[in-house]
Amino acid sequence: STLRGRKTMKLNIVSLQNPSPFFLTLITDPTNIISLDANFFIPPDRTDVFPQGGSFKFDKFKEIWLEPLINTFPNLALHDAVYDELLASSKSFVDELLEQSPPKIILLSNADLQGIEVIFRNTIEEKIAKHTMYNPSIENKEDKGEVKTLSYIATKNLLYFCSHDARALRLIDKATELETSLGSITAIRTYEVIYYLSKKAVPSPNLRPLYKYLYYLTDADKRCNPSWGEFVSGMDGLYNSLI
């Protein structure tokens, strides 16, 4: 089935059952190019499902998430279609990264593709788009960034895609079933990056508020996901010896 024409919301689930082979590859070599979805730069806002929780403020988001993220991973990238989706504060932050010498983030663009790459990218985009709200024929904004990113990195054989969007990650997780041609891409969840930063970033950021806001805010979250203490303990059991 496709998602175009309807918006479906999926709960983001934290899994502590088994080590993720995808996250293990990131731990092994965090210097690879890591392509990011827009939600890695935009403070989360879950007031639609939990109004009393308020929105996550940009200054705090920048302090405990964005700056540690940039300082920990040397080759972060975003597609220019994702850049176009960023809001004012997030875009200003990325602009500062791009203006540094050398730039502290990589900007990906379809304009860099040539010849057979263009044909291959277009083919993959069509396969992906039918499972999203994005329609290439009218260039609408909904899901555009993730579709453009995924089709680009599949063409360039880049390994990692990081997102908090369960629908976007499904395009990778169910690549064979959905025939998206994304089987070679490694999906990294936000909670995995939260855990990695809590262990590796210097100084170590207090990421508990962000974890709680994303994964342990609503009653539905709490029925499915572990508390912060349970999360850290569970992730330690899976990965601490490697990190």
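Tabulated results
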item: Relative contact order %, region 30-100, counting alpha carbon pairs below 8 Å whose residues are six or more apart; result: 43
item: Highest-first arrangement of 223-236, 183-196, 165-178, where packing means the average Cβ count within 10 Å; result: 183-196, 165-178, 223-236
item: For region 46-109, alpha-carbon Rg and Dmax in angstrom; result: 13.6, 42
item: Linear extension gain, Leu242 paired with Thr176, 0.36 nm per residue minus alpha-carbon span; result: 20.8 nm
item: Alpha-carbon spread of the chain, three principal axes, descending order, Å; result: 50, 44, 36
item: Karplus 3J(HN,Hα) series, Hz, for region 126-143 with 6.51 cos²θ - 1.76 cosθ + 1.60 (x for Gly, Pro); result: 5, 5, 6, 4, 5, 9, 10, 8, 7, 10, x, 6, 10, 6, 6, 7, 4, 6
item: log10 of Debye I(q)/I(0), alpha-carbon scatterers only, for region 1-141 at 0.09, 0.11, 0.12, 0.13 Å⁻¹; result: -0.37, -0.57, -0.69, -0.81
item: 12 Å beta-carbon shell around Lys104, net charge (K/R +1, D/E -1); result: -4
item: Förster radius 22 Å - calculated FRET efficiency between Ala220 and Ile33, Cβ distance, rounded to 0.05; result: 0.05
item: Structure-based [θ]222 nm, the chain - -39500 (n - 2.57) summed over DSSP H runs of at least 4, per residue, nearest 500; result: -12500 deg cm²/dmol
item: Spin-label zone in region 181-206 - amide nitrogen under 16 Å from a point set 7 Å from the Cα of Asn18 along the C-beta vector; result: 187
item: Vicinal HN-Hα couplings computed from phi for region 66-73 (Karplus, 6.51 cos²θ - 1.76 cosθ + 1.60; Hz; Gly/Pro x); result: 5, 5, x, 4, 5, 7, 9, 10
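Rule-based calculations on the coordinates, nothing more; no lab input. It should be emphasised that the depicted structure is a prediction, and the values quoted were computed from it without experimental measurement. Reconstructed Cβ throughout: ideal geometry from the backbone, glycine too, with neighbour counts over all protein chains shown.
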